[in-house]
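Only the coordinates and a few stated rules stand behind these numbers; no lab work does. Every value quoted in this text rests on a predicted model; they were computed, and no experiment measured them. Here Cβ is always computed from backbone atoms with ideal geometry, including for glycine, and neighbour counts include all displayed protein chains.
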Amino acid sequence: MSEALSTISEIVWSDWLVYLCLAAGVYFSVRSRFVQVRHLPEMFRLLARGKRSESGVSSFQALAMSLAGRVGTGNIAGVATAIAFGGPGAMFWMWMVAFLGASTSFVESTLGQLYKTRDPLTGEYRGGPAYYLRQAFAHRRGARILSAYGFLFAAVTLLACGLLLPGVQANSMTAAMTNAWGVPAWSVAIAVVIVLAFVVIGGVKRIASFATIVVPFMAVAYVVLALVVVVVNADRIPSVVADVFASAFGLHSVFGSIIGLAVMWGVKRGVYSNEAGQGTGPHAAAAAEVSHPAKQGLVQAFAVYVDTLFVCSATGFLILSTGAYQVFEGGSDDGAVIADGGALSPGASVGPEYTQTAFDSLFPGVGATFIALSLAFFCFTTIVAYYYMAETNLRFLVGRFAAAPVIGLGRVSIGRLATLALQALVLAASAYGCMTTAGDAWTLGDIGVGLMAWLNIIGILILQKPAFAVLRDYERQKRLGLDPVFDPREVGISGAVFWEDRAAEHELARS
């Protein structure tokens, strides 16, 4: 089974997907005139001013929900594996995919907000790639093909977020706790299932409230302590930076032979961590209450920076500056060790143990516990975010039948029964992840991320035009000194039913 999963992962994560992620980021950056740079001050302003409503969460809550999905084991164990299999140069390619991916995130998240709908069961906003793939060309030629494509994405996302991805987070959480406290995996599995059940049954508002409290606090605490260790080892930073850039371009005497792996693992773990182009960000973006879709597109672009340029960079410099790493030949820990930082104990496993050892260099006996606690929060909030995305796509697949009763079950609706089944699936996948091997868990996760990225990036390349029309409209209103309010009819966008109805309501109120 492990060999079969590895074969599937290699097919999904071929060089073509790496090229696609980078090329899409370059294209969207150029076409948007580097929106991720020009509107950086606006991103901060929008975070402070967003408000929530009965149907939607605030911009900051949507950002927190998005970061809950982005900031997870990829920021700790993922960075460690990128360095172990791609060398220090993988860090540069993680930065590159983040910088370029911020523009990709703007496009997909703007589309998510533009084509959002109201959930017929809860009244909450729902949206994402499946929704914009169906609605963008609903009344044009090729609508059936794109609608079918939307259903395919929804099915793949339901599989990925409901079954394949939760296990990676649960596995890393368990590994860190076992290494720190010696607790058995089964006890972690029971605890995860109990707490997770309480949160996911509460719906999107409870998810948003939970993420708003936990994610910013833990992210700041992690980055601050990581920087403390880096500052103590400041004399090593110049050589670390030199190694990162030299090995990223094949100029390093030791790592020059694995430049291809540096690119592969940098992009692979970069996308896994910041999720730019994967299609997860638009789900949280759609849940926000904003007056203009571009507002949430900008907020979600900033989320990519927070995830990779802040959290992942903190982990990378922490590991490299303390020497808590090994680099393996051939992109696997079965290969020969071509570089050893010297701080790891013999037989150390690739993953959280690298980061735990790095912290222990300054805080002896504390590093393992701190990383275990960090991963407990990061991974748990990521699983919660995965559940929300899976539920959103389940709602899409069920569609208008969500409120229909299940024959023989009285008042139980199809949507409610399907939601209960999904909750059970996510709980089971998380419990399995706690008990399985790290290799199989990561392979399953890579398959899920890769499949979503393939479908979503191709989709937004097809549907990009409305996103840039929204951006131009936003910038036009800002130049006039207005707080932008969106009306799709003014920019010639069709299919944005929610925004069409809101504009009509505003006109009626004014008359």
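Using only the Cα atoms of the chain, what semi-axes does the equivalent ellipsoid have when each is the square root of 5 times a gyration tensor eigenvalue? Give whole Å, largest first.
Details: eigenvalues 272, 134, 86 Å².
Value: 37, 26, 21 Å, ordered largest first.
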Nearest-ten-degree value, helix 185-200 long axis tilted from longest Cα axis of the chain: 20 degrees
Local net charge near A504, Cβ-Cβ under 12 Å (Lys/Arg +1, Asp/Glu -1): -2
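Tell me, E500, E3, E353 in order of fewest to most beta-carbon neighbours within 10 Å? Display every interim value, and only then the final one.
Values: E500 15, E3 7, E353 23.
Fewest to most other Cβ atoms nearby, the residues stand as E3, E500, E353.
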Most positive-pole-ward Cα, L298, T280, G182, against dipole of the chain from beta carbon charges: L298
Ranked R126, R70, criterion: other C-beta atoms within 10 Å, fewest first: R126, R70
Table column - 3J(HN,Hα) (Hz), region 301-313, Karplus curve with 6.51, -1.76, 1.60, x for Gly and Pro: 5, 5, 4, 5, 4, 4, 5, 8, 5, 9, 6, 5, 5
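A303: net charge of surrounding residues, Cβ under 11 Å, Lys/Arg +1, Asp/Glu -1, itself excluded? It would help to have the intermediate numbers written out before the result.
Numbers: positive: R70; negative: E275, D307.
Value of the local net charge: -1.
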Per-peptide average of other Cβ atoms within 10 Å, ordering 371-377, 231-237 highest first: 371-377, 231-237
Under 18 Å, Cα to Cα: Lys pairs in the chain, sequence gap 8 or more or different chains: 8
At R0 = 60 Å, FRET efficiency that the Cβ-Cβ distance of S14 and E507 yields, to 0.05: 0.75
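Take the Cβ-Cβ distance between V26 and I237 as r, set R0 to 25 Å, and report the resulting FRET efficiency rounded to the nearest 0.05. Before the final figure, lay out the partial values.
Values: r = 29 Å, r/R0 = 1.16.
Calculated transfer efficiency: 0.30.
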Computed E for A155/V224 - FRET, C-beta separation, R0 35 angstrom, nearest 0.05: 0.25
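Between R38 and R118, what length in nm is gained on full extension when 0.36 nm per residue of separation is reduced by their alpha carbon distance? Present the calculation step by step, with values, prior to reporting the outcome.
Values: separation 80, 0.36 × 80 = 28.80 nm, distance 3.22 nm.
In short, 25.6 nm is gained.
Would you mind counting up the charge near N171? Only other residues with Cβ under 14 Å from its Cβ, with Lys and Arg at +1 and Asp and Glu at -1. Don't jump to the answer; show the numbers that get you there.
Details: positive: none; negative: E353, D440, D446.
After counting each charged neighbour, the total is -3.
Using Cβ counts within 10 Å as a stand-in for footprinting exposure, how do F34, F498, F28, F249 rank, fewest first? Don't jump to the answer; show the numbers that get you there.
Values: F34 16, F498 21, F28 29, F249 13.
Ordered from fewest to most neighbouring Cβ atoms within 10 Å, F34, F498, F28, F249 come out as F249, F34, F498, F28.
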